[in-house]
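This report refers to the structure that appears directly beneath it.
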């Protein structure tokens, strides 16, 4: 996309370029993908200034004439190198367009909605229903489903304790990136242990991690058994299955609890509306 997106209409004086009448508008429409070639005479000189006015004050960096940050300009102090885990001599590169700008673009606040509960409790159902409701209302979301992630990013992980912890850590890191992009990220996975969920919470500002606990009884979850996993676990064909021969640790201070009422489970739409009400109340559905 050409840099003309940075051009505030009022910055280019009328005399600097041709006025677009009907013929000019037709020319722009006809150009289509070749729009980048149609430059106003003043464009090259003001685009960097316009971008710098909007983003240059962010963390002390300015935009050069190319539209890029000037961290490589001679005379600037060298970036601080650090070691993180097994990665050595790395530096964090700050870009001029940050989370606030992306949120303003989307007119929403990025966050992570972490749905936890037993297998069969309705986590994926809620995630998809919530994503659908947000889409209808004009908000951008993305679902990170535990099983779906194991089809790609985490396909190298098994279900032993160490790999399950790594599975959750990776999903937490990906969810953090989505939230930083201004997207409402919906993570749906059993995540049975408090420590691992709390570790994911600690990756983000606390108010942007929203833990949703589906408090549905084991009996109900096992009666559903859509994937046949409980049957396999009871037959001893799956080891360390949560709720059967491995424990589930319910959240102690989660933001939202969705539970049965008089033995009845809420509908997918009702569950989604409960989460939507929280997002609205906390201001996530506005920039």
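The values are calculated or read from the model by the stated rules, or taken from the named source; none is laboratory data. The shown structure was predicted, so the numbers you read here are calculated from the model rather than taken from an experiment. All Cβ positions, even for glycine, are placed from backbone atoms using ideal geometry, and neighbour counts span all protein chains on display.
Just name the residue that is nearest to residue 177 (Cα to Cα) out of those in segment 205-251 that are modelled with pLDDT under 95 and within 26 Å of the chain's Cα centre (by Cα).
205
Quick one: residue 188 ticks every box in (1) over 27 Å from the mean Cα position of the chain (by Cα); (2) under 30 Å from residue 100 (Cα atoms) bar one, so which box is it?
Tallying (1) over 27 Å from the mean Cα position of the chain (by Cα); (2) under 30 Å from residue 100 (Cα atoms), residue 188 fails exactly one: (1).
Within segment 204-219, is there a residue that is surrounded by 20 or more Cβ atoms within 10 Å (Cβ to Cβ), out of contact with any strand residue (DSSP E or B) (no Cβ under 8 Å at 6 or more places or on another chain) and free of Cβ contacts under 8 Å to residues at least 40 places away in the same chain?
Within segment 204-219, not a single residue is surrounded by 20 or more Cβ atoms within 10 Å (Cβ to Cβ), out of contact with any strand residue (DSSP E or B) (no Cβ under 8 Å at 6 or more places or on another chain) and free of Cβ contacts under 8 Å to residues at least 40 places away in the same chain.
Every residue in segment 116-133 that is part of a helix (DSSP H, G or I) and surrounded by 23 or more Cβ atoms within 10 Å (Cβ to Cβ), please.
Selection gives 123, 126, 127, 130.
Being in a loop (DSSP other than H, G, I, E, B) and closer than 17 Å to residue 241 by Cβ is the filter here, so list the residues in segment 142-168 that pass it.
Hits for segment 142-168 are 150, 157, 158, 159, 160.
Among the residues of segment 222-231, count how many are within 17 Å of residue 147 (Cα to Cα) and surrounded by 11 or more Cβ atoms within 10 Å (Cβ to Cβ). Lay out the reasoning, then the answer.
Taking segment 222-231 as the starting set, the residues that turn out to be within 17 Å of residue 147 (Cα to Cα) are 225-230.
Those still in the list that are surrounded by 11 or more Cβ atoms within 10 Å (Cβ to Cβ) too: 225-227, 229-230.
Qualifying residue count, segment 222-231: 5.
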